[in-house]
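The numbers here are math on the coordinates, done by the rules we state, and not lab data. This is a predicted model, so every value here is computed, not measured. Heads up, the Cβs are rebuilt from the backbone with ideal geometry, glycines too, and the neighbour counts pull from every protein chain shown.
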């Protein structure tokens, strides 16, 4: 089995396992796997009761990974999540007590309810994959995935994440309401018991580390690479966008396209991969102009307009023999 076939096979196992609990959200689970394989993090922005916590727990169980849920509140301090040094009277020395960040999958629930200092501590740990307490650096476990949630409707008593901090998330994803058929399935599936309780792991954490290395080998043809760059650069010149995507956005689109191609069993990126990830990877990195907001135009709609303007490379210009890996 080739490396990309192994990535696809593992991803399909995980998606099928999570689907035993989460109904009708295969595309969302696929995006979470994209972030996991890219060693990035996800901002889940949706209303309460959609199943964000259940999704995070189902993913952690499927990967046989450690899981922690942190409820962010206004009185939460940085040390409450990173850990603190406690004086041990027996040894007459300070001992480090690790905080809930030391898990492989962390659900940061309602991140916008914590103060800026605590938000900054979390985002620093996400970026550096380590925490420093009293001058001592402690490495976080791998793989390490943070799923941060925030309610986009209820803003009273919250501390909205600054644009520079939102940019740290690889993807922004919304689950959305289920359709009638899926909601009926949810009612019947949870009627007698919670299927999450019986969910068994289908992959190992060390296996994910091998897949993360494999994903970086996915081939991106120069023509497809140019297509990505033109999409990103178009966000910087569009009149409806006050602040376009940064080079971090370009890198996010590049790496997530590699991961999505691998999940779909290919060792090369297609323009369709790039278009699929355009909104999840770039939407939260844009600042829409006030005039566009007044007219009801959001970042997602503007990105779709840009995608229709930027020419897609035709097959003759980018097709190559599939590279042997």
Determine the calculated [θ] at 222 nm for the chain from helices alone, applying -39500 (n - 2.57) to every DSSP H run no shorter than 4 residues and normalising by the residue count; nearest 500 deg cm²/dmol.
-13500 deg cm²/dmol
Please state the Cα pair-distance histogram of the chain with 20 angstrom bins from zero: what percent is in each bin?
29, 58, 13, 0
Evaluate the distance, in nm, between pseudo-label points positioned 7 Å from the Cα of residue 206 and of residue 64 along their respective Cα→Cβ axes.
1.0 nm
Please report the base-10 log of the normalised intensity I(q)/I(0) for segment 26-116, using a Debye sum with one equal scatterer per alpha carbon and no solvent, at each q in 0.17, 0.20 (1/Å).
-0.83, -1.05
If I take the Cα coordinates of segment 218-317 and project them onto the principal axes, what are the three extents in Å, biggest first?
43, 24, 20
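By per-residue mean of other Cβ atoms within 10 Å, what is the highest-first order of 55-64, 118-127? Show your work: numbers first, answer last.
Numbers: 55-64: 22.9, 118-127: 20.4.
Averaged packing, sorted descending, gives the order 55-64, 118-127.
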Overall form of segment 147-299 per C-alpha gyration tensor (a/c, 1.5; a/b vs b/c)
oblate
Helix axis angle, 205-215 relative to the chain longest principal axis, alpha carbon, degrees:
30 degrees
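Let me check against my output: what whole-number percent is the relative contact order of segment 164-280, with C-alpha pairs under 8 Å and at least 6 apart? Walk me through the numbers on the way to the answer.
Details: 74 pairs, mean separation 32.8, N = 117.
Relative contact order here is 28 percent.
Give the shape of segment 1-40 as rounded, prolate or oblate, defined through the alpha-carbon gyration tensor: a ≥ b ≥ c are the square roots of its eigenvalues, a/c under 1.5 means rounded, and otherwise the shape is prolate if a/b is larger than b/c and oblate if not.
Details: a/c = 2.90, a/b = 1.39, b/c = 2.08.
Here segment 1-40 falls in the oblate category.
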Helix 26-37 versus the longest principal axis of the chain: what is the Cα-based angle in degrees, 0 to 90, to the nearest 10?
70 degrees
Name the shape class, rounded, prolate or oblate, that the alpha-carbon gyration tensor gives for segment 48-89, where a ≥ b ≥ c are the square roots of its eigenvalues, rounded holds for a/c under 1.5, and otherwise prolate holds if a/b is larger than b/c and oblate otherwise.
oblate
So how tilted is helix 299-309 from the main axis of the chain? Cα-based, degrees 0 to 90, rounded to 10.
30 degrees
